[in-house]
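The block underneath contains the structure these notes are about, expressed in structure tokens.
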Amino acid sequence: MQKCNNCNLPFKWSVIYKSAMWLYKPIQCEKCGTDYKISFPSRYIVSFLTVLPILIFGLILSPFDNEFINILIGLCISFTGSFFIPYLVKYKNVNT
């Protein structure tokens, strides 16, 4: 997981997860107060891990006859994939 560039304090998993899930809200270092925002390529990672499983499994593959079950399984896969977001996204300093 990412650390603060100034004081090397690692960001908490929950802070990064909430930031990524709530419209890419900026985060602030708890120790030195430096502001960070999610990098543009990391926004694609969030989209691929949350939206893409629903589209692929729920709408394209459709292994079951019931659309509700297909979308529900796609949502479960998407929810599981979202737990990896804090390990993969990168934040950059707002001031640079």
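At a glance:
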| quantity | calculated |
| --- | --- |
| Filter result for residue 89 (at pLDDT 85 or above, surrounded by 15 or more Cβ atoms within 10 Å (Cβ to Cβ) and among the aliphatic types (A, V, I, L, M)) | yes |
| Selection from segment 15-36 of residues that are without any contact (Cβ under 8 Å) to a residue 12 or more places away in the chain and among the aliphatic types (A, V, I, L, M) | 23 |
| Count of segment 46-68 residues which are in a helix (DSSP H, G or I), hydroxyl-bearing (Ser, Thr, Tyr) and surrounded by 14 or more Cβ atoms within 10 Å (Cβ to Cβ) | 1 |
| Residue in segment 18-72 that is nearest to residue 82 (Cα to Cα), counting only those that are of a type in the set (Ser, Thr, Tyr) and under 12 Å from the mean Cα position of the chain (by Cα) | 50 |
| Test: residue in segment 16-24 that is touching a Phe, Trp or Tyr at 6+ places or on another chain (Cβ under 7 Å), part of a helix (DSSP H, G or I) and surrounded by 13 or more Cβ atoms within 10 Å (Cβ to Cβ) | no |
| Condition check for residue 62: small (Gly, Ala, Ser) and modelled with pLDDT of 85 or more | no |
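The values are calculated or read from the model by the stated rules, or taken from the named source; none is laboratory data. If you're wondering where the values come from, they're calculated on a predicted model, not measured in any experiment. Every residue, glycine among them, receives a Cβ derived from its backbone with ideal geometry; neighbour counts consider all protein chains shown.
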